[in-house]
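What follows is calculated from the coordinates using simple rules that are stated; it is not laboratory data. It should be emphasised that the depicted structure is a prediction, and the values quoted were computed from it without experimental measurement. Please note: Cβ atoms are built from the backbone with ideal geometry, for glycine as well, and neighbour counts cover all protein chains shown.
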DNA sequence: AGAAGTACTTACCCTAAAGTATGCATATCA
DNA sequence: TGATATGCATACTTTAGGGTAAGTACTTCT
């Protein structure tokens, strides 16, 4: 007789956690290393897929698309495609995506205050930080 | 001719990313599902190890300790132990740990505004949210 | 004598996330 | 003719992280 595992314990624990912890609820949406970077890059406005790729060179196509889909499913961004050849697809932040700005901003502040040597580079990034939509 | 892999590509990519992205720098410190919850629970003040365990029932001891160590190494919290039996160990946020408050707060705001059904529960949590140190 | 509490540690396994590599469809450009 | 660009999809492999279970050291409580 084989015991069937209905769901991973990790998932159950995570569910438990984010039901009463707003912070974990957010991590469910933007947790992982790449999602915040993607959102960060979209704060400055709508971008084509290829532009995103160029501005985040270290990410692989598979992971980028995967995350874009998840972010779209979670309602954080909007995908628009024109049925032309070659394809023309753009991504932009949705309403709730834009509401992430204060979170990302607070993170950026923390980073500049707590990164030692790196802080200068971050401060430079902060200059381009789109302050308001 | 054999190509030798010197280090994992994941790590290299992450390094690349957080050198120029403050947001990813932060995710390196508090990324993962449990760390924000731990910090959240310490916002209200110093806690013993066993108190943390009770307030986060879903986490296993191994993972809790593992994360506490990482957070300590990253300078986000301070561990103090009294050499008594039974052991008496407390954890509290360091200066940079306390500076995470605006990040967690912005997350909590986002969660209450973007969680539909769950928002009421989050709003309840927000009442206890330690606004200032 | 033995159970319980405290703050861990260690060993082993399993899964989810990430990386690598390749393919596809179509049109335009050289 | 075939190279290039675009936005993906798919199959396979590797790695990091998390889960389970058990043990430790010492004391106080029963």
### Summary
homo-copy label distances at residue A:95 (7 angstrom along Cα-Cβ), nm, one dp, ascending, are 4.2
## Note on the structure
Rounded to one decimal in nm, the spacing of the 7 Å Cα→Cβ label points at residue A:53 and residue B:44 is 4.9 nm
### Task
Would you kindly work out, in nm and rounded to one decimal, the distances from the label point of residue A:119 to those of the same position in each other copy, ordered shortest first, with label points 7 Å along Cα-to-Cβ?
3.8
### Query
Which residue is it, in chain A, whose C-beta lies closest to the A-to-B rotation axis, and what is that distance in whole Å?
A:106, 2
### Query
Expressed as a whole number of Å, what is the distance separating the alpha-carbon centroids of the stretch B:59-127 and the stretch A:55-131?
25 Å
### Message
Going 7 Å from Cα along the Cα-Cβ axis for the label, what nanometre distances separate residue A:61 from the same residue across the other copies?
### Response
4.9
### Summary
Per residue of B:55-64, other chain Cβ atoms within 10 Å number on average 3
### Task
Sort B:126, B:27 so the one with the fewest other Cβ atoms within 10 Å of its own Cβ comes first.
B:126, B:27
### Cα-based Rg of the stretch A:72-115 normalised by 2.2 N^0.38 Å, two decimals
1.65
### Task
Work out, step by step, the length gained on full extension between residue A:113 and residue A:94: first 0.36 nm times the residue separation, then minus their alpha carbon distance; give nm to one decimal.
3.9 nm
### Query
To the nearest µm²/s, what D does Stokes-Einstein give for the stretch B:18-128 at 25 °C and 0.890 mPa s, using the Kirkwood radius over alpha carbon pairs as Rh?
163 µm²/s
### Task
Would you mind ranking A:23, A:103, A:84 by Cβ crowding within 10 Å, fewest neighbours first?
A:84, A:103, A:23
